[in-house]
Amino acid sequence: MEEERKQSNLNKELSKYRNRNKRTSDVFDDAYDNNNQNRPPCDDSRQCSKRTKRDDPCVGSSFQMGPPSIKSESTDEHVTPNTFVSVNSSLASLGAPRILLINQQVNADHQQQPRHEASIYHHLLRTPPSIKNNRVYLRRNNDEEYRGFDRFARVSDEIILRIFHHLPRHMMCTCALVCRRWARIVCDVSLWRRMDMGGRPLKVGILKILLERGVEVLRLNRSEVMGDFSSTVQGAPDPRRSPLSEERMYRLQLLDMSMANVKTSLVESMLKFCPNLKKISLENIPVTEQLLINLAVNSPYLEVLNLCMCVGTTAKGLECIFENCTNLIQLNIAWTYMSEEEIKTICQIMPSQMKALDISGNREKLSDQDVELLCQRCPYMQDLDLSDSTEITNLTIDNIAQHLKKLQKISFSRCYSLSPTYVSHLCELRDLKVINVFGMMRDTSLNVLEQNMKRYRVNKEPFSCIARPTPSNCKKIFMWNVSPRHGPCL
């Protein structure tokens, strides 16, 4: 009977203990869930060292991890968890002990929970669940105060912008999703001045968005540009309505689209909105006469134009460029498959400020009379390539030596009507440095020519570099001596 009475009293105490613990746990769990899920977990050892006996009777020299000793109502003896195994197993199901955080104590006070009742059993509360998915977004009310510490809140926009300069450009889209402040900083013009998209596919609307960002140096060599210029990104608003369109679009100055897989209509529409364009390469891209007219009308500051292997080039389109682009000094129209009449027209209207011209690949269409007109029209020519012109003779060499006094490079590769030994008449030109005569003589004759012309570089440049963005012998990626990846603005 005595044992049954003790067991009954023990069960009553244990039920009261559980009820109090459950009520206290609910209060602190609600406070933690509402306010503190976005706070990092606290260091238990550091928080435990700040607590005293006055704040918590469970803290002291005799503090034990586990439930405190329970005093029976009918007897004076104390019942501890080590007395009965059943009690210990029941209390173990309540969860692992932990230390109450400071902000959790404040939240508990707002719930009007007595501090002494909560402090006795707070070490029995379960550890708050951690957020395992980093894509969980937490909301908080406007009147709620966030007690965390944002390190970027004390950093100026200039420093954050400097940090973004060291990140890859594809990370800018991820940074823009962090907050509105970062999204505003990501749109800064200095982050988008130079873009290298060579050899990469560009989805519909991406090219137009890059122009809206204010890009000035754009490399699209061997890229695949999908869609039209008027297309937009699927699921995104129309870029034409963007506030950046009027201010930042059309800043493009250097454009390399050599051998890109792109629609002619896209390039034709894009060139309507590039008034600051200075150098452009459209090598091996089909062009139209309207494309050349758009380039001439809307890009008056054009200096370098590469139309090598561009099928569709016409004399009327080039004439419009010569009239409007008065700063044009480098032109590459090699292997454009124009007619003989168009070649003669171009030689007659060639601008006088031209300094570098590649008119190779015309075979029987280019004659000595055409070259004579060309030399008379362009007295400041420094680099001339007449390769694969099988109809020119030694008379061309005489005309070049007479009119082009500032010539530095000349190419007669595969000009079979020329006499190889007659090339020595070019020694009269003081500034001449490079002579290319590939395919015109054998090795023995070439050795004799090199001995007679030791101060010249003979057959050292097999490929023409006129108006091309990247020379063939350059190991690094440059666009007209400008890196498209990094560096100061233009």
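The values are calculated or read from the model by the stated rules, or taken from the named source; none is laboratory data. Fair warning: this is a prediction, and the values are worked out from it, not measured in the lab. Positions of Cβ are backbone-derived with ideal geometry, glycine not excepted, and every protein chain shown enters the neighbour counts. The area values use the complete protein model at the heavy-atom level, side chains included, leaving out ligands, DNA and RNA. Shrake-Rupley method; radii C 1.70, N 1.55, O 1.52, S 1.80 Å.
Are any residues in segment 304-327 outside any loop (DSSP other than H, G, I, E, B) and either closer than 15 Å to Gln290 by Cα or open to solvent by 10 Å² or more (accessible area, probe 1.4 Å) (or both), and if so, which ones? So that I can check it myself, show each step before the final result.
Initial filter on segment 304-327 (outside any loop (DSSP other than H, G, I, E, B)): 304-306, 315-324.
Across segment 304-327, the qualifying residues are Ala315, Lys316, Gly317, Leu318, Glu319, Cys320, Ile321, Phe322, Glu323, Asn324.
Listed by first and then second residue, the pairs linking a residue in segment 470-484 that is aromatic (Phe, Trp, Tyr) to a residue that is modelled with pLDDT under 85 and open to solvent by less than 50 Å² (accessible area, probe 1.4 Å), with Cβ atoms under 9 Å apart and 6 or more places separating them unless they lie on different chains, are Phe478/Pro471; Phe478/Pro484.
Cys415 meets the conditions (1) open to solvent by 20 Å² or more (accessible area, probe 1.4 Å); (2) modelled with pLDDT under 95 in every case but one. The failed one is (1). Is at least one residue of segment 451-470 open to solvent by 30 Å² or more (accessible area, probe 1.4 Å), in a strand (DSSP E or B) and not polar (S, T, N, Q)? Yes, there is a match, as at least one residue in segment 451-470 is open to solvent by 30 Å² or more (accessible area, probe 1.4 Å), in a strand (DSSP E or B) and not polar (S, T, N, Q).
Looking only at segment 159-175, which residues are closer than 23 Å to Pro484 by Cα, at pLDDT 90 or above and of a type in the set (A, V, I, L, M)? Listed by number, the residues that qualify are Ile160, Leu161, Ile163. When only residues in segment 261-283 that are part of a loop (DSSP other than H, G, I, E, B) and open to solvent by less than 10 Å² (accessible area, probe 1.4 Å) count, which is farthest from Arg193 (Cα to Cα)? Taking the candidates together, the pick is Leu282.
Select from segment 284-294 the residues that are open to solvent by 50 Å² or more (accessible area, probe 1.4 Å) and not in a loop (DSSP other than H, G, I, E, B) and write down the one among them that is farthest from Asp228 (Cα to Cα). Restricting to residues being open to solvent by 50 Å² or more (accessible area, probe 1.4 Å) and not in a loop (DSSP other than H, G, I, E, B), the top hit is Glu289.
Among the residues that make up segment 336-347, is at least one of them under 18 Å from Ser464 (Cα atoms), within 39 Å of the chain's Cα centre (by Cα) and open to solvent by less than 70 Å² (accessible area, probe 1.4 Å)? Scanning segment 336-347, I find at least one residue that is under 18 Å from Ser464 (Cα atoms), within 39 Å of the chain's Cα centre (by Cα) and open to solvent by less than 70 Å² (accessible area, probe 1.4 Å), so the answer is yes.
Residues that are assigned to a helix (DSSP H, G or I) and open to solvent by 70 Å² or more (accessible area, probe 1.4 Å) do not occur anywhere in segment 191-200.
Among the residues of segment 355-373, write down those that are hydrophobic (A, V, I, L, M, F, W, C), within 19 Å of Val304 (Cβ to Cβ) and free of Cβ contacts under 8 Å to residues at least 40 places away in the same chain.
Ile359
Of all the criteria given as (1) polar (S, T, N, Q); (2) within 22 Å of Val434 (Cα to Cα); (3) in a helix (DSSP H, G or I), the one not satisfied by Gln348 is (2). Taking the criterion of being open to solvent by 10 Å² or more (accessible area, probe 1.4 Å) and more than 12 Å from the chain's Cα centre (by Cα), the residues of segment 213-224 that qualify are Glu216, Asn221, Arg222, Glu224. Among the residues here, Ala153 qualifies as over 29 Å from Ser258 (Cβ atoms) and open to solvent by 60 Å² or more (accessible area, probe 1.4 Å).
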